[in-house]
Amino acid sequence: MGFRSTLTTEHFGSSLPTWFIEKYKENYFINGTLVSSKCELKHYGNDFLLDYQKALISINWFDKMSSVCVVIMGEDDFITKVRISKDTIKYFWFREEEAFEADHIWCQG
């Protein structure tokens, strides 16, 4: 079970631990704290997210930032935003018909 999806995280200047890179390098591009899927994958449970949280904790990342965002785009037309902090992993689900549309893109600069 599970839907195929792609995943990407936010990027920051730190490096993830070797154990995390070795475990996930076959299916993910890893550059600093940026992790993105090489292809569509079935994500079962939240093992990846728990490992990502554990990796960020091990490099003391949460001493600098309060949370990190992970976006999962699924073949079922859902977009899942995952907010990971030191103590929690929270999920937010969006569908096109339930989201709002804007005629510009706002970029922080």
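When the expected Rg is taken as 2.2 N^0.38 Å, what fraction or multiple of it is the alpha-carbon Rg of region 1-78? Present the calculation step by step, with values, prior to reporting the outcome.
Values: Rg = 12.4 Å, N = 78, 2.2 N^0.38 = 11.5 Å.
Cα-based Rg divided by the globular estimate yields 1.08.
As a footprinting exposure proxy, order Cys69, Cys39 by other Cβ within 10 Å, with the fewest listed first. Before the final figure, lay out the partial values.
Values: Cys69 12, Cys39 8.
Lowest to highest Cβ neighbour count: Cys39, Cys69.
Bear in mind that the values in this text are calculations on the coordinates, not laboratory data. Every value quoted in this text rests on a predicted model; they were computed, and no experiment measured them. All Cβ positions, glycine included, derive from the backbone under ideal geometry; neighbour counts span all protein chains shown.
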